[in-house]
1. Rounded, prolate or oblate for the stretch 114-223? Axes are the square roots of the Cα gyration tensor eigenvalues, ordered a ≥ b ≥ c, and the cut-off for rounded is a/c under 1.5.
2. I need the phi-derived Karplus couplings for the stretch 206-213: 6.51 cos²θ - 1.76 cosθ + 1.60, θ = phi - 60°, integer Hz, Gly and Pro marked x.
3. If R₀ is 41 angstrom, what is the calculated FRET efficiency for the pair Phe92 and Ala162, using the beta carbon separation as r and rounding to 0.05?
4. Please label the shape of the stretch 9-133 as rounded, prolate or oblate, based on the square roots a ≥ b ≥ c of the eigenvalues of the alpha-carbon gyration tensor (a/c under 1.5 means rounded; beyond that, a/b larger than b/c means prolate, else oblate).
5. Compute a Gaussian network model of the chain, connecting alpha carbons closer than 10 Å, and tell me which residue from Ala14, Ala213, Ala61 fluctuates the most.
6. Between the helical axis of 8-35 and the dominant principal axis of the chain, each derived from Cα atoms, what acute angle in degrees is found, rounded to the nearest 10?
7. Any idea what the relative contact order of the chain is, in percent, if you count C-alpha pairs under 8 Å spaced at least 6 apart?
8. Given the options Pro155, Pro146, Pro70, which has the most mean-square fluctuation in a GNM of the chain, springs set between C-alpha atoms less than 10 angstrom apart?
Amino acid sequence: RRLRAGDRGGARDAISRATEFTLALTLPAAAALVAVPGALVAVLFGRGAFGPDDVAATALAVAVYGAGLPAFVLQKVIQPVYFAREDTASPFRHAAWAMLVNAALAIGLAPALGFIAAAIGTTVAGWANLFLLWRGARAFGAEARPDARLRRRLPRIALSAAVMGVVLIALAEALADGLAAPGLRYGALALLVAAGAGLYAGLCLATGAVSLAEVRSGFRRGG
């Protein structure tokens, strides 16, 4: 709406804030899926005919798909830049190229890597599509480029997510017995998730990735 109204400054702010919000949610989620997929899959599905080999294979796929999560969501942030300028052909063209990348990797790597080739193809294609969308959107003007606040906060968000992922790996090892015990596994997983979320929130506040004032403002608007 702001682009159509000619408010380029407002459009840039809206796109940068949407990108910031998206990354603040998807980067820690991706870090968790990459760091501890085995714990998640084992607790949720590891029973009966779904044995250890199935858990290991599924966890690998979850980790690979998880690495593509930010790209899949960010595509939805950038696409409206094209639609606001009534350009629907470019996103379609970029998606077609990404589909070719997906097919080439999935088919080409399958003989050597098996089922995981499909996950690799999907994730790489997601990032390829995002890159094409971002590169094309830059030609529209400054509104599609990250503002100073986003450039300042993105490394802090990424650092917070990365540290959380490393700590989750260590915590999952410490909780290994609980995660494997039938009567404790769900509680141990809940503790793992809560600890990761709490640590990430604390790191974001400590590094300045988010501010307490913004959190309070968000709760007031939500209320």
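1. Values: a/c = 2.61, a/b = 1.32, b/c = 1.97.
It comes out oblate by the Cα gyration axes.
2. For the stretch 206-213, the Karplus-derived couplings read 5, 8, x, 5, 9, 10, 4, 5 Hz, x marking Gly and Pro.
3. On the way: r = 34 Å, r/R0 = 0.84.
For Phe92 and Ala162, the calculated efficiency is 0.75.
4. Numbers: a/c = 3.66, a/b = 1.60, b/c = 2.29.
Judged from the Cα gyration tensor, the stretch 9-133 comes out oblate (a/c at least 1.5, b/c at or above a/b).
5. Ala213
6. Taking Cα atoms only, the helix is inclined about 10 degrees.
7. Working: 239 pairs, mean separation 60.5, N = 223.
Averaging sequence separation for qualifying contacts and normalising by length gives 27 percent for the chain.
8. Pro155
Since every read-out is calculated from the coordinates, none of them should be taken as a lab result. All values reported here derive from a predicted model rather than from experimental measurement. Cβ: placed from backbone, ideal geometry, glycine included. Neighbour counts: every protein chain shown.
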